[in-house]
Amino acid sequence: MIAVVTLSQHFAPAELPGAVRAALGKPLRRAAPLTRLALAGALACLPAECRQRPTALLWQSTSGPRLETLVLLDEMRVDGEPLPYDFLATQPAIAAAQIQAVLPGLQSAMHLPLDSEGAANWSLLLALAVGWLADGRYEQVLCAQIDHWADAASGHWLALSRTPLENSSLRLQLVNKATGDALADTPDLPARLADWLASGAGPTLSLRSPAAPRLAVEFARLQSTRHRHVRIRF
Amino acid sequence: MTRPVYLAETALLCARGDSPAAVAGALWNGECSAGQRRLGERTFPYFGLPLAETDWMRRAEQAIRQVAGQLGPLPAETPLFIASSSFQIGHFEQCGKPFDLPVASASFSRRIAGWLGLAGPRASFSNACISGFSALDAARSLIGAGLMDDALVLGVELANDSTLAGFAAMELLTRNLGRPFDARRDGMILGEAVAAVRVSAAPASWRIAGLRTGLDGHSITGPNPDGSRIADVTVDCLSDAKMESGDIDLIKLQAAGSPGADLAEANALRRIFGQDMPPLLSLKPALGHTLGASGLVELAALLACLDAERIPATAGFAEADPEIALFPMVDRSTAHVDRALLNLIGFGGGLASLLAERRP
């Protein structure tokens, strides 16, 4: 069985450094907003006793480092050469290296930038995660959608584990054909899963992705645990 | 992983040629000259594509259509996995202010899919220098699990000033030659390329026997000098392939001529192979470091070399570094290679090892 924790976080961009400081217990210096969002979400998903376990991070983003890219392009136009930190801030891959310092079990990370507004690739992330957990490659896989815009920052998370986490509310499996109610593959999937959990409707819910018809994912309620979806809004 | 995944077909456009076979021939002949790219008052060596078009987007289309033309017909529903570290930033540089960035950061991938005539599932991967192997890892995982049968994995890294300037600002580039593992190495040379690898459940000449990615958080610009994390990933890859270090016939190094990363890679290899070091080869002095495309570029080039049984010498290596004390091949070889290990060490801490095995 693969247990799932859902998490959705929303921040005003100016409040993000403070939220990360609260989660870490110290300031996180010289980190791009996407890194801060990833760190805040990863720490909220995994309690301290789970942070040494072999873990992978699969994260997608619509915005990517949009604001940082605009800064870089402007520096290039004006000065012809960016400040090193401003270049680093446009490289989302470096987020994982900074997260590993507080999540020592993080063994691998994959960043998937999205190519269409309003669409996501959760079905792909979850299919990879399920396969890697089944193969024993990792004990936990964190799947996330992280976006940072001028006026809002958000992180939507599904933490998958071979052993139930303290706050698991769902189990997940790949199925040949989705049955029952289905969700579309959109960036806020974890929030909509939480809404479904809270509504008490139906025993299972599927993720439908027209782009990947053979990647059917089915969620089912865990009977023995309370629903503990976490939605944080600052 | 329930079934093997094969490397069914490759295509390549880079500074050394316009097909894998042409690139293999150029490598065998020792071609390694680089062009130049100007950045303000400075000039850096650079491995550019031989395309005359100056409009960035039209040039990108030419490059990608050229690579697509090397492949056999692809069904429109073929899944497409695109790897890049810079996507279309060169286009925005050229268009100038106001920079019209699309809402979705990888929107360039939609355009690429259109040029390729592919309308199936599509995903983009941006993991700095290991992007290509991350994409290959995802495709292999899904094919291995039976969730798809074929996929096209495309690496795209095209010229732009932002990347060059960023690497220059961090003093990671040489102004001279790429010298992997050499005592005089002082940085890497960047390049541009497009490479495609079609992976399939259908048997082909080579299979992906092992593939693992990893992470070294020692520093965001370089791995731990002791090589321990790099070694962990290579050991995981060997384990995935159910092989021992003694099974490896050839290692395609990451070695780009970087003072720190080359040393870390050497230390990692010594941890695994000890005194029984397989032949070592670096392709970057002849192709440049093509960043997000590099894994696929070097895989396509290497398989063409191995198919021709003509393994090139490593350009740029002449004087051993006593701290590294490993020696890339300086003579060409016609040895038959059945198993080749390919290493990537990425900017930002990404690591990857792939083990390609020839089908008996």
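Somewhere in the range B:344-357, is a residue more than 22 Å from B:I230 (Cα to Cα) and at pLDDT 95 or above?
Scanning the range B:344-357 turns up no residue that is more than 22 Å from B:I230 (Cα to Cα) and at pLDDT 95 or above.
Spot the failing condition for A:A19; the list is (1) more than 10 Å from every other protein chain (Cβ to nearest Cβ); (2) at pLDDT 95 or above; (3) more than 25 Å from A:G136 (Cβ to Cβ), and only one is missed.
(2)
For the structure I just gave you, tell me whether A:A150 is surrounded by fewer than 21 Cβ atoms within 10 Å (Cβ to Cβ) and either in contact (Cβ under 8 Å) with a residue 12 or more places away in the chain or among the polar types (S, T, N, Q) (or both).
Against the criterion (surrounded by fewer than 21 Cβ atoms within 10 Å (Cβ to Cβ) and either in contact (Cβ under 8 Å) with a residue 12 or more places away in the chain or among the polar types (S, T, N, Q) (or both)), A:A150 qualifies.
With the condition being without any contact (Cβ under 8 Å) to a residue 40 or more places away in the chain and within 14 Å of chain A (Cβ to nearest Cβ), I'd like the helices (runs of 4 or more DSSP H) fully within the range B:201-291 carrying at least 2 qualifying residues.
Helices (runs of 4 or more DSSP H) meeting the threshold: B:228-240.
Condition first: surrounded by 18 or more Cβ atoms within 10 Å (Cβ to Cβ), among the small types (G, A, S) and part of a strand (DSSP E or B). Now tell me which residues in the range B:3-43 satisfy that.
B:A8, B:A11, B:G17
Residues checked against (1) in contact with a Leu (Cβ under 7 Å, 6 or more places away or on another chain); (2) surrounded by fewer than 24 Cβ atoms within 10 Å (Cβ to Cβ):
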| residue | (1), (2) |
| --- | --- |
| A:T6 | yes, no |
| A:A40 | no, no |
| A:R51 | yes, yes |
| A:F87 | yes, yes |
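Considering only the range A:33-54, state which residues are polar (S, T, N, Q) and either more than 10 Å from every other protein chain (Cβ to nearest Cβ) or more than 27 Å from A:P104 (Cα to Cα) (or both).
Within the range A:33-54, A:Q52 is the sole residue that qualifies.
Would you tally the residues in the range A:78-92 being at positive phi and more than 7 Å from chain B (Cβ to nearest Cβ)?
Within the range A:78-92, residues that are at positive phi and more than 7 Å from chain B (Cβ to nearest Cβ) number 0.
Checking the conditions here, which among B:A168, B:A104 is in contact (Cβ under 8 Å) with a residue 60 or more places away in the chain and of a type outside the set (S, T, N, Q)?
B:A168
Residue-by-condition table, conditions (1) assigned to a strand (DSSP E or B); (2) more than 8 Å from chain A (Cβ to nearest Cβ); (3) among the hydrophobic types (A, V, I, L, M, F, W, C):
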{"residue": "B:P98", "(1), (2), (3)": "no, yes, no"}
{"residue": "B:F108", "(1), (2), (3)": "no, no, yes"}
{"residue": "B:S134", "(1), (2), (3)": "no, no, no"}
{"residue": "B:M148", "(1), (2), (3)": "no, no, yes"}
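Being at pLDDT 95 or above and more than 7 Å from chain B (Cβ to nearest Cβ) is true for just one of A:A95, A:A120. Which residue is that?
The conditions single out A:A120.
Hey, could you check the range A:98-117 for residues that are of a type in the set (G, A, S) and within 7 Å of chain B (Cβ to nearest Cβ) and say which is surrounded by the most Cβ atoms within 10 Å (Cβ to Cβ)?
The qualifying residue surrounded by the most Cβ atoms within 10 Å (Cβ to Cβ) is A:A109.
For B:A113, state whether it is part of a helix (DSSP H, G or I), of a type in the set (A, V, I, L, M), without any contact (Cβ under 8 Å) to a residue 60 or more places away in the chain and more than 7 Å from every other protein chain (Cβ to nearest Cβ).
Judged against the criteria, B:A113 is a match.
Anything in the range B:280-318 that is basic (K, R) and more than 14 Å from B:C14 (Cβ to Cβ)? List them, or say none.
Result: B:R310, single match.
I'm trying to understand the selection: among the residues of the range B:150-159, which are crowded, with 23+ Cβ neighbours inside 10 Å and either among the aliphatic types (A, V, I, L, M) or within 9 Å of chain A (Cβ to nearest Cβ) (or both)?
B:A151, B:L152, B:V153, B:L154, B:V156, B:L158
Considering the range A:179-201 alone, what residues qualify as being within 14 Å of chain B (Cβ to nearest Cβ) and surrounded by fewer than 20 Cβ atoms within 10 Å (Cβ to Cβ)?
Residue satisfying the conditions is A:T186 alone.
The values are calculated or read from the model by the stated rules, or taken from the named source; none is laboratory data. Quick caveat: nothing in here was measured; it's all calculated off a predicted structure. Note that we place each Cβ from the backbone using ideal geometry, even for glycine, and neighbour counts take in every protein chain shown.
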